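Peer 1: Dropping a structure here in structure tokens format, bear with me for questions.
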Amino acid sequence: MLRDGTFIELNQKTYPNCHLHRSNSNDVARTESVTFICTRQMDDAGPTNNWMAPADAKEKVRPLFDGAMKGRTMYVVPYILGPASSPYSKIGVEITDSAYVAASMRIMSRMGKAALDRLGSSDDFVPGLHSLGDLNPARRFIMHFPEEKLIWSVGSGYGGNALLGKKCFALRIASWMAREQGWMAEHMLILGLEDPSGKVTYMAAAFPSACGKTNLAMMVSALEKQGYRVWTVGDDIAWMHVGSDGMLRAINPEAGFFGVAPGTNAKTNPNVVEAAHRNTIFTNTAMTAAGEPWWEGMDGAPPAGIIDWKGNAWTPGKSPAAHPNSRYTVPASQSPSLSSHWEDPEGVPISAFIFGGRRARLAPLVYESHDWQHGVFVGATMASETTAAATGAVGVSRRDPMAMLPFCGYNMADYFGHWLAMGPKLKNPPRVFHVNWFRKDADGKFLWPGYGENVRVLKWMLDRIEGRAGATETPIGNVPSPSSLTLDGLSISRDTINELLKVDSADWSKEEQAIGKFFEKFGERLPPAICQEQKALASRLSRSAVATG
Ligand code: SAT
Ligand code: MN
């Protein structure tokens, strides 16, 4: 890769075994418009997925593979998703003509001999065929055949389009398998919150791509002196089964972090800054004259002589030096925050689910749902302002149920039904919360400091789980009572806290109508329990409007 320019060597003194990769400039993010779920029945893919009949999809895409690998090296990449010894792990084999993809899969999964040893003579694996093709966006297709557990991807070398173990298998194909087999494959980080007694409570959180999942999962707690620490189990995907103890048990199918570089620094994610100093692949970041990776939002002023993500000399002030969706690919084992339980074969027990997104105006800092069914409704009605992780306009609000809109491999109405059915199977279903770190004041400034201070919100959740913290009822759920958030050591005014926790019934009534519009597209297939929850919300909102006049 060094010889043919696929990799650029970074400074081997300060960044040993680190390399920079520049992808084609038309190929820098997932492409949802050319991602298809290919089921025999269109309704099984549902209204939120692009659909093609399997036979048509193969006829369309097969010619793009013809001769595509000629003159290239073909890599056969066997990999395990999940800890090598976990009963919940699964095997995939990706065939690819991209050395960069093979090298990235080596970081992101348990790849090679471990996978072949586990597979033995079994044919129980998910095959994935990948070729860069000619990198022409008009001939780019990411095809999923969930009925036969097969993936075809051509024309892209980037991230979730090309590392087929990630979104294609671990979410789209796995979500289909999970419904068939009674478990859950979710777009969630997994973290453990340690309290002063040393007890660790595990939580899983779903936010859309590039909304800070990695930073939250690897957070250095602002309450560390008081004995609260955060341990990382995973930063992007959780596979969860009903354990023999009746708890929901989560494993992280991945072995590395494919995180957004811009904005990463010693304040926002000190653990990953430390981790990504060795054995790391950087993709589409800028580079300094000293051969170190660089991106917007790094500590300190930009040094002179920066080469931008396309390989040109960079002039500050014009366009960004690093692509907004540039990434680091780092082995999980290098994070100082890694939980000692991250490879437990049975997984870690999940006590809370956290949903969230970017909402500049509407959603309070945190609220708690009433029960499992209401919690599923809260997840199903999630929305967020879009980011650079996918191609398309940035900053537009879109509905993104459970942060799975681009990743659910089947009809989302059935997916809500599957969620509803999981609760009663659990002895102790996780409590369900919703957070919004991104609320802004009238001047467009963030109200909450975020990052390490988010532990204060996690602590409130823990206190709720343990029955210690007070809450105030609102039409959408319970927000912290004024004294129940631990705010010592943080300079934030009472007014700002009130602003952060405010639930505006008029705004939420508009939201309730938008939710209704979104649900219409599922027609008859939408589970009745979801409609019930929407009606209940509407009536709580109108009662509160009457009460407040
Ligand atoms: O490009 S990926 O799909 O792997 C990353 C993301 O969108 O979260
Ligand atoms: Mn993701």
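Peer 1: Placing +1 on the Cβ of each Lys and Arg and -1 on the Cβ of each Asp and Glu in the chain, which of GLY452, CYS18, CYS168 has its Cα farthest towards the positive end of the resulting dipole?
Peer 2: Farthest towards the positive pole: CYS18.
Peer 1: Given H placed on each backbone N at 1.01 Å, which residues far from CYS408 in sequence or on other chains put an amide H within less than 5 Å of it?
Peer 2: When sequence neighbours closer than 5 places are left aside, there are no close amide H contacts.
Peer 1: In whole angstrom, how far apart do the alpha carbon centroids of region 1-23 and region 331-370 sit?
Peer 2: Each part's Cα centre sits 32 Å from the other's.
Peer 1: Multiply the residue separation of ASN24 and GLU9 by 0.36 nm, subtract the distance between their alpha-carbon atoms, and state the gained length in nm to one decimal.
Peer 2: Contour length minus Cα-Cα distance gives 3.6 nm.
Peer 1: Moving to a separate point now. Distance from a point 7 Å along Cα→Cβ of HIS370 to each backbone N in region 507-539: keep the residues under 11 Å and list them by number.
Peer 2: Correct set: 533-539.
Peer 1: Of the trypsin sites (Lys or Arg not before Pro) in region 463-527, which ones lie in a loop per DSSP and count no more than 15 other C-beta atoms within 10 Å?
Peer 2: Numbers: sites: ARG464, ARG468, ARG494, LYS502, LYS510, LYS517, LYS521, ARG525; in loops: ARG468, LYS502, LYS521.
Here the sparse-neighbourhood loop sites are ARG468, LYS502, LYS521.
Peer 1: Further, regarding this structure: Just for the chain, what percent of DSSP beta bridges are antiparallel, to the closest 5? Walk me through the numbers on the way to the answer.
Peer 2: Details: 60 of 89 bridges.
Around 65 percent of the beta bridges assigned by DSSP in the chain are antiparallel ones.
Peer 1: Still on this structure, please answer the following. So what is the accessible area of the chain per residue, in Å², with the probe set to 1.4 Å?
Peer 2: Numbers: 21140 Å² over 549 residues.
Accessible area per residue: 39 Å².
Peer 1: Along the Cα→Cβ direction, 7 angstrom out, place labels at SER33 and LEU426. What is the inter-label distance in nm?
Peer 2: Inter-label distance under the simple model: 3.8 nm.
Peer 1: Within region 130-228, report the trypsin sites (Lys or Arg not before Pro) that DSSP leaves as loop and that have at most 10 other Cβ atoms within 10 Å. Mind dumping the intermediate values first?
Peer 2: Details: sites: ARG139, ARG140, LYS149, LYS166, LYS167, ARG172, ARG179, LYS199, LYS213, LYS225; in loops: ARG140, LYS149, LYS199, LYS225.
Loop-located and lightly packed - LYS225.
Peer 1: For region 417-523, give the percent of accessible area contributed by carbon and sulfur heavy atoms, probe 1.4 Å, rounded to a whole number.
Peer 2: Working: 2370 of 4910 Å².
Roughly 48 percent, rounded to a whole number.
Peer 1: A further question follows. How high is the FRET efficiency from GLU148 to ASN498, r the C-beta distance, R0 60 Å, rounded to 0.05?
Peer 2: On the way: r = 55 Å, r/R0 = 0.91.
That gives a FRET efficiency of 0.65.
Peer 1: What does the highest-first list of 403-416, 111-124 look like by mean Cβ count within 10 Å? Could the numbers behind the result be given before it?
Peer 2: Details: 403-416: 23.6, 111-124: 12.5.
Highest to lowest by the protection proxy: 403-416, 111-124.
Peer 1: Using R₀ = 41 Å, calculate the FRET efficiency as 1/(1 + (r/R₀)^6) where r is the Cβ-Cβ separation of SER483 and GLN181; round to 0.05. Don't jump to the answer; show the numbers that get you there.
Peer 2: On the way: r = 45 Å, r/R0 = 1.10.
Approximately 0.35, to the nearest 0.05.
Peer 1: Work out the FRET efficiency for ARG72 and ASN50 from their Cβ-Cβ distance, taking R0 = 30 Å, and round it to the nearest 0.05.
Peer 2: Working: r = 28 Å, r/R0 = 0.94.
Between ARG72 and ASN50 the formula returns 0.60.
Peer 1: Return the carbon/sulfur percentage of the accessible area of region 1-155, one whole number, probe 1.4 Å, all protein chains in place.
Peer 2: Details: 3640 of 7190 Å².
In region 1-155, the share of accessible area belonging to carbon and sulfur is 51 percent.
Peer 1: Tell me, what HN-Hα J-couplings in whole Hz come from the Karplus equation 6.51 cos²θ - 1.76 cosθ + 1.60 at θ = phi - 60° for each residue of region 426-440, using x for Gly and Pro?
Peer 2: The phi angles translate into 9, 5, 10, x, x, 5, 10, 10, 10, 10, 9, 7, 10, 5, 10 Hz.
Peer 1: Let me ask you something else. Express the carbon and sulfur contribution to the solvent-accessible surface of region 205-338 as a percent, rounded to the nearest whole number, probe 1.4 angstrom.
Peer 2: 55 percent
Peer 1: For n ≥ 4 DSSP H runs only, could you compute -39500 (n - 2.57) per run for the chain, divide by its residues and tell me the 222 nm figure to the nearest 500?
Peer 2: Working: 14 runs with 132 residues, N = 549.
-7000 deg cm²/dmol, from helical runs alone.
Peer 1: Give me the extension gain from ASP299 to SER122: residue separation times 0.36 nm, minus the current Cα-Cα distance, reported in nm with one decimal.
Peer 2: Numbers: separation 177, 0.36 × 177 = 63.72 nm, distance 4.95 nm.
Taking 0.36 nm per residue and subtracting the Cα distance, the gain is 58.8 nm.
Peer 1: Follow-up. Please check which bits of region 487-530 a label hung off ASP43 would reach, taking the label as a point 7 Å along Cα-to-C-beta and the cut-off as backbone N under 11 Å.
Peer 2: Under 11 Å, as judged by backbone N against the label point of ASP43, lie 523-526 of region 487-530.
The values are calculated or read from the model by the stated rules, or taken from the named source; none is laboratory data. Please read all numbers here as calculations on a predicted model, not as lab measurements. Note that we place each Cβ from the backbone using ideal geometry, even for glycine, and neighbour counts take in every protein chain shown. We work out accessible area using only protein heavy atoms, side chains counted, and drop any ligands, DNA or RNA first. Shrake-Rupley method; radii C 1.70, N 1.55, O 1.52, S 1.80 Å.
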